[in-house]
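**Q** The structure follows.
The values are calculated or read from the model by the stated rules, or taken from the named source; none is laboratory data. Here the structure is a predicted model, which means the values were calculated and not measured. All accessible areas refer to the heavy atoms of the entire protein, side chains included, with ligands and DNA or RNA removed. Shrake-Rupley method; radii C 1.70, N 1.55, O 1.52, S 1.80 Å.
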Amino acid sequence: MISVPTTFNFGEDRLTASISLAIASGKTKTNLSSVARKKIGASWQRVQHIIEKGHPVYGINTGFGPLCTTKISKEETTILQTNILQSHSVGVGKPIDTEIAKLMLILKVHSLAKGFSGIAETTLERIIWHIENDAIPVVPSQGSVGASGDLAPLSHLFLPLMGLGKIVHQGQTYSTSEFFQKFKLKPLELGPKEGLALINGTQFIAAHAVKVVAKLHSCLAQADVIGAMMIEGLQGSVKPFFNELHTLRPFKGNIHVAKRVKRLLKGSEIMEDHIDCERVQDPYSLRCIPQVHGASRNAWLHLKELLEVELNAVTDNPIIIDEELTISGGNFHGQPLAMALDYACLAASEIGNISDRRIYLALEGNSPGVPKLLMQDTGINSGYMILQYTTAALASENKGLCFPSSADSIPTSLGQEDHVSMGSISGRKALQVIENVEKILAIELLTAAQAFEFRKPMKSGIFLEEIHKEVRSKVAFADRDRVFADDIEKGIQLIKDQTLMQLISEISEREKISLSTDYSDEFEVY
């Protein structure tokens, strides 16, 4: 179980994916401490000094992008901030999920609260109000190239500060002007540098990465359990999961997966029944679970580690270091997360790919006692044959989505932004693949449970026995054809609700049997 704090201090505490999600769900409350407020105030004051001195500093008293050499008068600096949010609000497509938009708000506040961005405390307080009251801006899903920050989506995210854009509250969408009337709020007037601080940053990419880390972790954990059930159903060998093998090729993910699966199989009568069978080895989809699932675990760990750096970073531009030093750099460039998200997208796809192969294997009828198509009376019945059509289609779709978005770059901003990350596409695409993998795993769960049934009256270990009972409480054994789409929907819900992992946790606590490994702190905490 991942523990999260009851209170999180913006700008001070270390943010993680799980804490971000806990804040978004309301489980963790937030605070802007006096320490953070002091840093924010000092940074804001530095911007005022820059305006007073009149020396050109990018984005404070100059134009943006290719207009960076255009000097802006002191009187025009406020108009400049308003204009930048309006002109950059060019997003298209369906709105992103409100939870992701809320995550964007949370991540932006934490970055700005570190005191290097020149934002006003009153502006941060208004954003926090939106978080606390679940008044979430409508943000289109398309339009960011992932460099110079996620300009378009962040512009839409902060239009409501000025009374513009749209807001979702309690399931209803309002124009911001309607919403402000209802809640007696007034638009803010953004000061120098504030507009640029708000729209420069990687919060669209990072918010998607938070969801990828959480959802992919769920898929990885459940894939191990479902894979173990399939090993039982098809009477696969436990030897490929022995530690003696994996210490000779000690990738962390491989060792972690192998130990977990081996413990899931412990105490199985099914395993004991075929310990002296004549079969020499299993197909790769069973035998190489540690290597394939483990590789995807390693990819997930890479993304998690990079994301935690990004969540606690300052990613706008320019960065105000102190009174004398303001740097126009590239902390907004999304490449660090874009490449890792593309890697995670491939890792997710491969979990679905090998799962589909196990489903196909279960249908072949080559395992003693398990009938072809997982049904005794075939011919008049098609059995589980067509379920695998669906997983084949989903696995193929995922392969098409695995082209790395970060491999592409199209220059923008009249060549000033001549290399961009396309990380926003990486994030959206990775989530799409993971949602497909959830469906594939749901079908494998149903297939494995059906194969498992043919091993009765022999019993597996306590974990898989209870998981099978849980599946059967939702989806009955199929002895003839029926509308399998209904079964699949129930399976998908089991995967999305993480029912299997909750049950594993309960059994572990009750029976004092741990699935932890030497790498659990890395692979089971985010």
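**Q** Can you tell me how the range 128-240 classifies by the Cα gyration tensor, rounded, prolate or oblate, using a/c under 1.5 as the rounded cut?
**A** prolate
**Q** Give the carbon-plus-sulfur fraction of the accessible surface of the range 47-121 in %, rounded to a whole number; probe 1.4 Å, heavy atoms of protein chains only.
**A** It is 58 percent, rounded to a whole number.
**Q** On the full set of protein chains, 1.4 Å probe, figure out the accessible area of Glu397 and give it in Å² to the nearest 10.
**A** 90 Å²
**Q** At what distance in angstrom do the alpha carbon centres of the range 6-48 and the range 176-210 lie from each other?
**A** Centre-to-centre distance over Cα atoms comes out at 16 Å.
**Q** Compute the acute angle (0 to 90°) between the alpha-carbon long axis of helix 462-474 and the principal axis of greatest extent of the alpha-carbon atoms of the chain; round to the nearest 10°.
**A** Once rounded, one gets 80 degrees.
**Q** Now for a separate question. Compare Asp377, Asp521 by solvent-accessible area with a 1.4 Å probe and give them largest first, with all protein chains kept in place.
**A** Asp521, Asp377
**Q** Mean shadow of the range 218-264, computed from the convex hull of its alpha carbons, in nm²?
**A** Over every viewing direction, the Cα hull of the range 218-264 projects on average to 3.1 nm².
**Q** Could you please state how large a percent of the accessible area of the range 218-367 is carbon and sulfur, counting protein chains only and using a 1.4 Å probe?
**A** 55 percent
**Q** Next question, about the same structure. If you count only protein heavy atoms with a 1.4 Å probe, what accessible area per residue comes out for the range 343-438, rounded to a whole Å²?
**A** Counting only protein heavy atoms, the per-residue value for the range 343-438 is 44 Å².
**Q** Check cross-link reach from Lys53 to the aspartates and glutamates: straight Cα distance under 16 Å, and skip same-chain residues fewer than eight apart.
**A** The reachable aspartates and glutamates, counting only those whose Cα sits under 16 Å from Lys53, are Glu75, Glu76, Asp322, Glu323, Glu324.
**Q** Next up: Probe 1.4 Å, all protein chains in place: accessible area of Ile275 in Å², nearest 10?
**A** 110 Å²
**Q** Here is a further query. Which shape class, rounded, prolate or oblate, goes with the range 395-526 when its Cα gyration tensor gives a ≥ b ≥ c as root eigenvalues, a/c under 1.5 marks rounded, and past that a/b bigger than b/c marks prolate?
**A** Because a/c hits 1.5 or more and a/b fails to exceed b/c, the range 395-526 counts as oblate.
**Q** Next up: With every protein chain in place, what's the accessible area of Tyr519 (1.4 Å probe, Å², nearest 10)?
**A** Tyr519 has an accessible surface of roughly 60 Å² with all protein chains in place.
**Q** While we're on this one: Can you give me the angle between helix 423-453 and the longest principal axis of the chain, using Cα atoms only, in degrees from 0 to 90, rounded to the nearest 10?
**A** Between helix and principal axis, roughly 20 degrees.
**Q** Now a separate question. Given a 1.4 Å probe and every protein chain left where it sits, what share in percent of the accessible area of the range 443-526 is carbon and sulfur?
**A** After summing per-atom areas, the C and S share lands at 49 percent.
**Q** Moving to a separate point now. What is the distance in Å between the Cα centres of the range 254-319 and the range 378-399?
**A** Each part's Cα centre sits 25 Å from the other's.
**Q** Can you give me the orientation-averaged projected area of the convex hull built on the Cα atoms of the range 270-331, in nm²?
**A** 7.5 nm²
**Q** Indicate the gyration tensor shape class of the range 1-116 (rounded, prolate or oblate), computed on the Cα atoms with a ≥ b ≥ c the square roots of the eigenvalues: a/c under 1.5 is rounded; otherwise a/b larger than b/c is prolate and the rest oblate.
**A** Here the range 1-116 falls in the oblate category.
**Q** Can you tell me which aspartates and glutamates have their Cα less than 18 Å from the Cα of Lys182? Leave out same-chain residues fewer than eight positions away.
**A** Glu132, Asp134
**Q** Can I ask one more? Apply the Karplus curve 6.51 cos²θ - 1.76 cosθ + 1.60, θ = phi - 60°, to the phi angles in the range 290-297 and return the couplings in whole Hz, x for Gly and Pro.
**A** x, 6, 7, 4, x, 5, 5, 4
**Q** Another one. Looking at the chain only, what percent of DSSP beta bridges run antiparallel? Nearest 5 please.
**A** So the antiparallel bridges in the chain amount to around 75 percent.
**Q** Please list Glu121, Glu438, Glu305, Glu489 from largest to smallest accessible area, probe radius 1.4 Å, with all protein chains kept in place.
**A** Putting Glu121, Glu438, Glu305, Glu489 in descending order of accessible area: Glu489, Glu305, Glu121, Glu438.
**Q** What percent do you get for the relative contact order of the range 355-511 when only Cα pairs under 8 Å and 6+ apart count?
**A** Answer for the range 355-511 is 26 percent.
**Q** Can you give the angle from 0 to 90° between the axis of helix 77-87 and the longest principal axis of the chain, with both taken from C-alpha atoms, to the nearest 10?
**A** Helix 77-87 and the main axis of the chain meet at about 40 degrees.
**Q** Further, regarding this structure: Contact order normalised by length for the chain, with contacts defined as Cα pairs under 8 Å and 6 or more residues apart; what percent is it?
**A** About 18 percent, as a whole number.
**Q** Using only helices, what value at 222 nm comes out for the chain when you add -39,500 (n - 2.57) per DSSP H run of length 4 or more and divide by the total residues, to the nearest 500 deg cm²/dmol?
**A** -17500 deg cm²/dmol
**Q** Just one of (1) 1.11; (2) 1.61; (3) 1.06 is Cα Rg over 2.2 N^0.38 Å as worked out from the coordinates here. Which one is it?
**A** Calculated Cα Rg over 2.2 N^0.38 Å: the matching label is (1).
**Q** So what is the accessible area of the range 175-281 per residue, in Å², with the probe set to 1.4 Å?
**A** Averaged over the residues of the range 175-281, the accessible area is 41 Å².
**Q** What is the distance in Å between the Cα centroid of the range 485-503 and that of the range 425-466?
**A** The range 485-503 and the range 425-466 have Cα centres separated by 9 Å.
**Q** Please give the per residue accessible area of the range 77-164, computed with a probe of 1.4 Å over protein heavy atoms only, in Å².
**A** 29 Å²
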